[in-house]
Amino acid sequence: MPLKLIIPAFPEGGEIPREFTCEGANISPALDWTGEPRDTKSFVLIMDDPDAPAGTWNHWLLWDIPAAVHSLPPGYKPGHLGISGANDFGNLGYGGPCPPKGHGPHRYFFRLFAVDLATLPVKPGARRRELTAAIHTHILAETQYMGRYERR
């Protein structure tokens, strides 16, 4: 069975509820996943917006999620599980969708990677470039789940 990510709060390709955005409570949605390869040692989560005016905007970087873990609760906070990186808002942890008004709906991709290392050689607070370089040759499987959001 291939790696699969599910976000119960909204359907694949559907609208992300306001509570998970900067116009709401700005908390992360619950995530569930299954189907990782046998040799998986940990998971990496990256959430980004490729439709941002200045280029891809990173909303969430989380790595060293133990292989035995298959979900994250809503409102996940850094320090509870795994290692958090700095999003493009300059904060650790999740930063919800917050596209500029009048730019139409943006797509938000939650990307989950199964990797063959339990601990990545990446320091807490790292940026996307460092994380991407660290997992480059260690990805066993990947999946994604997309939601949309537009500020009105």
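Bear in mind these aren't lab numbers, they're just calculated from the coordinates by the rules spelled out. For clarity, every value in this text was computed on a predicted model and none was experimentally measured. With ideal geometry, Cβ positions are generated from the backbone for all residues, glycine too; neighbour counts draw on all protein chains shown.
Once C-alpha pairs closer than 8 Å and six or more residues apart are averaged by separation and normalised to the residue number of the chain, the relative contact order reads 30 percent.
The label-point distance for A68 and E19, in a model that sets each label 7 Å from Cα toward Cβ, rounds to 3.0 nm.
Roughly what percent of Cα-Cα pairs across the stretch 1-83 reach past 22 Å? Percentage above 22 Å: 30. Give the distance, in whole Å, between the Cα centre of the stretch 1-17 and the Cα centre of the stretch 56-115. Between the Cα centres of the stretch 1-17 and the stretch 56-115 lies a distance of 14 Å.
Suppose the Debye formula is applied to equal point scatterers at every Cα of the chain; what is log10 I(q)/I(0) at q = 0.10, 0.13, 0.17 Å⁻¹? Each listed q corresponds, in turn, to -0.31, -0.54, -0.93.
Given a Förster radius of 22 Å and the C-beta distance between H80 and D32 as r, what FRET efficiency does 1/(1 + (r/R0)^6) yield to the nearest 0.05? Kindly include the intermediate steps, with their values, before the conclusion.
Numbers: r = 17 Å, r/R0 = 0.75.
Using R0 = 22 Å, I get an efficiency of 0.85.
Under the simplified labelling scheme, the Q144-E12 pair shows an inter-label distance of 1.3 nm, with each label point 7 Å from Cα along Cα→Cβ.
Roughly how large, in nm² to one decimal, is the mean projection of the convex hull of the alpha-carbon atoms in the stretch 92-152?
On the way: hull surface 20.4 nm².
Across all orientations, the stretch 92-152 yields a mean hull projection of 5.1 nm².
Look at K4, K101 and count the other Cβ atoms within 10 Å of each Cβ; fewest to most, that gives K101, K4. Where in the stretch 32-54 does the label zone of R107 land, with the point 7 angstrom along Cα→C-beta and an amide N cut-off under 18 Å? Within reach of a label on R107: 46-54.
Tell me the mean residue ellipticity at 222 nm calculated for the chain from its helices only (DSSP H runs of n ≥ 4, each -39500 (n - 2.57), averaged over every residue, nearest 500). Could you put the intermediate results ahead of the total?
Details: 1 runs with 8 residues, N = 152.
That comes out to -1500 deg cm²/dmol.
Rounded to the nearest Hz, the phi-derived 3J(HN,Hα) couplings of the stretch 58-68 under the Karplus curve 6.51 cos²θ - 1.76 cosθ + 1.60 (θ = phi - 60°) are 8, 9, 7, 10, 9, 9, 6, 6, x, 4, 6, where x marks glycine and proline.
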